[in-house]
Amino acid sequence: RPGVAQSISLDVYILRWAAAVLRQVRKLNTDLPALVDEWASSLFRELDYRTELDNAERFKALYSHMKEIYVPCMFKDFTTSQVLTMEWIDGVRLRSASSAERMEAVMRRAQGGSGSSSSSSS
């Protein structure tokens with residue numbers, strides 16, 4: 001989403017400040033701001049869509065043999081830190097589908113058919 005990195009940066013700044021205050025007030029020997037920094041670094045790496053592409057490719061390599069799982073093809077040449085480009089798949093978004101629709105798609109996929117419904121779009 002646009003502006004998400006800036007919003008997270010502000011949250012991390014506030015959290016880092018709170019960690020420093022907590023460390024001083026509680027007289028902790030642990031470097032809480034450094035822990036926040038490490039967590040934030042990991043979080044920002046996850047916001048990079050190139051990392052998401054690498055994770056999807058690893059997932060596909062591990063699970064592509066399972067008929068029930070379909071991972072769309074990723075287009076590395078058209079992916080940047082802010083844009084993830086992948087194969088289009090017709091179907092219903094999981095969060096929009098009912099439990100029955102999800103189960104039907106899984107069963108259809110397990111029987112070798114398409115994992116999506118042609119009458120719906122996302």
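The values are calculated or read from the model by the stated rules, or taken from the named source; none is laboratory data. Please read all numbers here as calculations on a predicted model, not as lab measurements. Note that each Cβ is placed from the backbone with ideal geometry, even for glycine, and that neighbours are counted across all protein chains shown. Side chains are part of the model used for accessible areas, which takes the heavy atoms of the whole protein and leaves out ligands, DNA and RNA. Shrake-Rupley method; radii C 1.70, N 1.55, O 1.52, S 1.80 Å.
Got a number for residues in the stretch 8-50 being part of a helix (DSSP H, G or I) and at pLDDT below 90?
Of the residues in the stretch 8-50, the ones part of a helix (DSSP H, G or I) are 8-26, 32-46, 49-50.
Subsequent filtering for residues that are at pLDDT below 90 retains 42-46.
Adding up the residues that qualify gives 5.
If I filter the stretch 77-86 down to residues being among the β-branched types (Val, Ile, Thr) and open to solvent by less than 70 Å² (accessible area, probe 1.4 Å), which single residue comes out as farthest from Ala5 (Cα to Cα)?
Kept after step one, since they are among the β-branched types (Val, Ile, Thr), are these residues of the stretch 77-86: 79-80, 83, 85.
Checking the rest, the ones that are also open to solvent by less than 70 Å² (accessible area, probe 1.4 Å) come to 79-80, 85.
Working: Thr79: 18, Thr80: 15, Thr85: 20 Å.
For the stretch 77-86, the residue satisfying everything is Thr85.
This table checks each residue for (1) open to solvent by 100 Å² or more (accessible area, probe 1.4 Å); (2) within 30 Å of Ala110 (Cβ to Cβ).
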{"site": "Arg23", "(1), (2)": "no, no"}
{"site": "Thr30", "(1), (2)": "no, no"}
{"site": "Ala40", "(1), (2)": "no, no"}
{"site": "Arg50", "(1), (2)": "yes, no"}
{"site": "Met66", "(1), (2)": "no, yes"}
{"site": "Phe75", "(1), (2)": "no, yes"}
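Going by the conditions given, is Ala61 in a helix (DSSP H, G or I) and either within 30 Å of Arg102 (Cβ to Cβ) or free of Cβ contacts under 8 Å to residues at least 12 places away in the same chain (or both)?
Working: in a helix (DSSP H, G or I): yes; either within 30 Å of Arg102 (Cβ to Cβ) or free of Cβ contacts under 8 Å to residues at least 12 places away in the same chain (or both): yes.
In short, yes.
Under 7 Å between Cβ atoms, at least 6 apart or on separate chains: pull out the pairs that start in the stretch 99-111 with a residue that is within 11 Å of Glu68 (Cα to Cα) and end on any residue that is among the basic types (Lys, Arg).
Arg109/Lys67; Ala110/Lys67
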